[in-house]
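Beneath this line is the structure, given in C-alpha cells, with notes to follow.
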Amino acid sequence: MDKLYKYPRLTIILILALTIFFALQIPNIIIDNDLYKFVGEDNPVNIENSEVEDIFKTGENMVVALESRYSRIISPENIQLIDALTRQFEKIRNVEKVTSLTNADYIEPTGDGMKVSSLIPGGMYYADESQIIQRLRSWEVLYRDNLFTPDYKSTQILLTLVNDLELDTMETIFGQVKAITDQVNRDDINIYIAGIPAILVTIKGKIYDDFITLVPIVILIVIVMLYFSFHSMAGVFLPLLNVLISTIWAIGLMALLKEPFTMIGTGIPVILISVGSAYGIHLLSHTYDEMAKGYTDFKAVLMNVVKKIRPAILLAGLTTMAGFGSLITSSIVPMRNMGLFLAYGVAVALFVALTLTPSILILRQKPLKKANVEKADGGNSLMNRFLIAFYELLTKRSLRNIAFATIVLVLSVIGTTKILVDTNMIDNFEDSTPISRADAFAVSYTHLTLPTN
C-alpha cells in the first residue's frame, strides 16, 4: 500500500479510465425477462419447449379484450369495430395470425358435406342478434370464453406472434397494438391488452422506472446519512463516489458480457449503493479519529489508519462477497447471476475504498474542519447522541434483549413455514396498472353461467 500511495494521480487516472469504459457499456445493457431464461437453457422443460416450438412454429399470444359497458358485444356497431381492429392488427409485422369474432372459422353442413366460412362475416353486421348467438352456440365448447363471455358483453381478439421474437420486437408490436386501440374513441367500450408479450414489455418499462426512481432515492438517503455523520463535503462525496464506481463497474460488466438484465437484477444498484458505502465510511471515520488526536503528518496518519482497519475491512468485504456468491448454487439463472455480479461489485467497492479514497485524500492534503474533528472525537452531535443513546439502551438491558431476540427468532421460524411460493407474473404489478386491470377483467368472467336466452 505504501508503494501504491506514492502514485496517487496514476491510481486516480486508472480507476477513472476504467469507470468511463464501463459507463460507456451501460447503454448497451440487454433487458430480457424471458421466463425460460429463469430455468436455464439446459433445463429439460426449456429443451422440450424449444422442440415443440420448432416443430409447430408456435409463437406467443397477445390478447386484446373488448368489453361493452351497456349493450351486447355482438351489436352491429361493435361487430364493425371488431372487424376494423382485426384488419388493422393483421397488417402489423411479425403478427402471424389474428383470430376474432369476425374471422374465426365457422363450419356448417351442406348438401355436399360442409362449408367453412367466417363466424360473423361482413354481411351479418346488421343481422338479428339471435342469429349470431345461434352460430356462437353451435360450437360453444370452442367459442365460449375464447370469443365471447357468457353474458355476451365481452370478446377478445387473439394475436399469434411469429415464433422466437426478441423482446424489442415484442415491444414494437405492443406499441403498435396500443396505438391502434388508443384510436378507439368510445366511452361505451373498455379495451384491455394482456398476454405474455404484454407482461414482458410492461416489466421492461417498470425496470426503467425503477432505475429512475429507486437509485436517486437510495443515493439521497445515503447522502443524508453521510452528512449527519461527517458534516463535510469529503465525508459525503468520497463514500458516495466509491459506491457509484462499483455500481458502474458491475452494470457495465453485465452489458459488456451481454448478460441480460432481468427484474431480479434491478436490486443490484440499490444493494451495492447501500452495502458498498460501508468501506469508505470506515476509512474516513478512522481518519477523522486519528486527525482529532493532533497528528500533522497526513500521509503517516492515513497509512496508520489503513494498516489498522485493513483486516476488518477485508473480512467485512470477503464475508459479504461470500454471502452474495452463495447464490451461485441457485437453480434460478438470473438469481445466480445477480449473486455473482453483486459479489464482484462488493469487491470493486472494497478495492476502490482502499485505493481511490486514500489517493484522493493524499492529493487533497487539506486539514479537517474543526467542527468535524470535534464530532469525530465524540462530541455532542445529533448522530453521536443518537448512537450513544441507542448503545446504552441495548447494553443496560441485556436480559431483555436476549428475550426479545428469542421471540423474534421463534416468530421468524414460524413465519418461514407459511411462505407462499408463487410465480404469477401479474403479482409484480400494482393493481392500478393496465396489465393488472386486464388480468382482473379476465378473471372476473370465469364464474359466470351461460344465460338461458
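May I ask you to verify whether Thr86 is at pLDDT 90 or above, out of contact with any helix residue (DSSP H, G or I) (no Cβ under 9 Å at 6 or more places or on another chain), β-branched (Val, Ile, Thr) and closer than 16 Å to Met62 by Cβ? For Thr86, the condition - at pLDDT 90 or above, out of contact with any helix residue (DSSP H, G or I) (no Cβ under 9 Å at 6 or more places or on another chain), β-branched (Val, Ile, Thr) and closer than 16 Å to Met62 by Cβ - is met.
Taking first residues from region 300-327 that are under 14 Å from Val346 (Cα atoms) and at pLDDT below 85 and partners that are open to solvent by less than 40 Å² (accessible area, probe 1.4 Å) and basic (Lys, Arg), no Cβ contact under 9 Å between residues at least 6 apart in sequence or on separate chains turns up.
Listed conditions (1) under 30 Å from Thr262 (Cα atoms); (2) open to solvent by 60 Å² or more (accessible area, probe 1.4 Å) are all met by Arg310, apart from (1). Set side by side, the residues Thr213, Thr181, Thr172, Thr202 differ, and just one is closer than 16 Å to Gly267 by Cα and among the polar types (S, T, N, Q), which is Thr213. Would you be able to say whether some residue in region 277-293 is over 18 Å from Phe351 (Cα atoms) and small (Gly, Ala, Ser)? Yes.
Considering region 124-184, the qualifying helices (runs of 4 or more DSSP H), each wholly inside and each with 3 or more residues that are of a type in the set (Val, Ile, Thr) and touching a residue at least 60 places away in the same chain (Cβ under 8 Å), run over 167-182. Filtered by the rule that a residue be in a helix (DSSP H, G or I) and of a type in the set (Phe, Trp, Tyr), region 48-101 gives Phe56, Phe89.
Restricting region 179-193 to residues that are among the charged types (D, E, K, R) and open to solvent by 80 Å² or more (accessible area, probe 1.4 Å) leaves a set whose member that is nearest to Tyr70 (Cα to Cα) is Asp187. Can you find, within region 367-414, the residue that is modelled with the lowest pLDDT among those that are outside any helix (DSSP H, G or I) and exposed (fewer than 10 other Cβ atoms within 10 Å of the Cβ)? Here the answer is Asn380. From the list Thr247, Thr202, the one residue that fits, being modelled with pLDDT of 80 or more, in contact with a Pro (Cβ under 9 Å, 6 or more places away or on another chain), under 30 Å from Ala440 (Cα atoms) and in a helix (DSSP H, G or I), is Thr202.
From the list Thr296, Thr287, Thr262, Thr266, the lone residue that is touching a strand residue (DSSP E or B) at 6+ places or on another chain (Cβ under 9 Å) and at pLDDT below 90 is Thr262. Taking (1) open to solvent by 40 Å² or more (accessible area, probe 1.4 Å); (2) under 16 Å from Ile268 (Cα atoms) in turn, Ser331 satisfies each apart from (2).
Suppose the filter is open to solvent by 70 Å² or more (accessible area, probe 1.4 Å), within 30 Å of Asp439 (Cβ to Cβ), modelled with pLDDT under 90 and out of contact with any Lys or Arg (no Cβ under 9 Å at 6 or more places or on another chain); does Glu60 pass it?
It is false that Glu60 is open to solvent by 70 Å² or more (accessible area, probe 1.4 Å), within 30 Å of Asp439 (Cβ to Cβ), modelled with pLDDT under 90 and out of contact with any Lys or Arg (no Cβ under 9 Å at 6 or more places or on another chain).
All conditions in (1) assigned to a strand (DSSP E or B); (2) open to solvent by less than 60 Å² (accessible area, probe 1.4 Å) hold for Val116, with the sole exception of (2).
When Asp168, Asp164 are screened for being touching a Gly at 6+ places or on another chain (Cβ under 9 Å) and either farther than 30 Å from Pro260 by Cβ or of a type outside the set (Val, Ile, Thr) (or both), only Asp164 passes.
The values are calculated or read from the model by the stated rules, or taken from the named source; none is laboratory data. Since we're looking at a predicted model, the values are computed, not measured. Every residue, glycine among them, receives a Cβ derived from its backbone with ideal geometry; neighbour counts consider all protein chains shown. Side chains included, ligands, DNA and RNA excluded: accessible areas come from the protein's heavy atoms. Shrake-Rupley method; radii C 1.70, N 1.55, O 1.52, S 1.80 Å.
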